[in-house]
Amino acid sequence: MKRQFFQITVFVDGKCALCRRMGLWIRCLDWLGLFRVTSYHEDARFADYGLSFEAVNREIHTVRQRGTRLQIDGGFEAVLVILKYLPPLWPLLPFAVLLRWLGLGPVLYRRWAENRRVFVGGACEDGSCPGVRGRKR
């Protein structure tokens, strides 16, 4: 039996095609067995961590849990957590840390998150990207 030191829950928009694809990649690259990717549309446990629906709808969130100790990150910081714990993505980590240090990482992530409908070609189901700016096709 594999001993698990901690678990990382990733709350993604399960109605966004790009977000679902990202969740699939996280599962595939999770060699350490640390990640649990879940859609906040189907799993309301984000509220147990003090997160609102608006917060998880605005940006990706990770919850690292070790026993009773929690570390919650959102946006670009959550992306850094994902990169840190997925060994195949470690080559990208120095670049991401540099982006954070320069102040560009959070800005670029926020821009992507606010416009994800544009990036996925309007493929958010059931209007799941409310408040997300984007051109209607």
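The values are calculated or read from the model by the stated rules, or taken from the named source; none is laboratory data. Here the structure is a predicted model, which means the values were calculated and not measured. Cβ: placed from backbone, ideal geometry, glycine included. Neighbour counts: every protein chain shown.
Could you tell me whether segment 21-30 includes any residue that is under 18 Å from L70 (Cα atoms), in contact (Cβ under 8 Å) with a residue 24 or more places away in the chain and over 14 Å from the mean Cα position of the chain (by Cα)?
No - not one qualifying residue is present in segment 21-30.
Please verify whether I60 is closer than 15 Å to Y85 by Cα and of a type outside the set (S, T, Y), treating the condition exactly as stated. Working first, answer last.
Values: closer than 15 Å to Y85 by Cα: no; of a type outside the set (S, T, Y): yes.
Spelling it out, it is not the case that I60 is closer than 15 Å to Y85 by Cα and of a type outside the set (S, T, Y).
At least 2 residues that are at pLDDT 95 or above and of a type in the set (A, V, I, L, M, F, W, C) in each: list the strands (runs of 3 or more DSSP E) lying fully within segment 1-66 that qualify. Show your work before the answer.
On the way: elements: 7-12, 35-39, 61-66.
It comes to 7-12, 35-39.
Output the residues belonging to segment 28-46 that are hydrophobic (A, V, I, L, M, F, W, C) and under 16 Å from V63 (Cβ atoms).
Of segment 28-46, the ones hydrophobic (A, V, I, L, M, F, W, C) are 28-29, 31-32, 34-35, 37, 44, 46.
Listed by number, the residues that qualify are L34, F35, V37, A44, F46.
Check E54 against each of (1) among the charged types (D, E, K, R); (2) free of Cβ contacts under 8 Å to residues at least 12 places away in the same chain; (3) more than 18 Å from A113 (Cα to Cα) and name the one condition it does not meet.
E54 satisfies every listed condition except (3).
Pull up segment 79-101, narrow it to residues that are of a type in the set (F, W, Y) and surrounded by fewer than 18 Cβ atoms within 10 Å (Cβ to Cβ), then point me to the one that is farthest from the chain's Cα centre (by Cα).
Residues of segment 79-101 of a type in the set (F, W, Y): 85, 90, 95, 101.
Then keep just the ones that are surrounded by fewer than 18 Cβ atoms within 10 Å (Cβ to Cβ); that gives 90, 95, 101.
On the way: W90: 17, F95: 18, W101: 20 Å.
Per the stated criteria, the residue is W101.
Would you be able to say whether some residue in segment 39-50 is buried (at least 17 other Cβ atoms within 10 Å of the Cβ) and among the polar types (S, T, N, Q)?
Looking for residues that are buried (at least 17 other Cβ atoms within 10 Å of the Cβ) and among the polar types (S, T, N, Q), one finds at least one in segment 39-50, hence yes.
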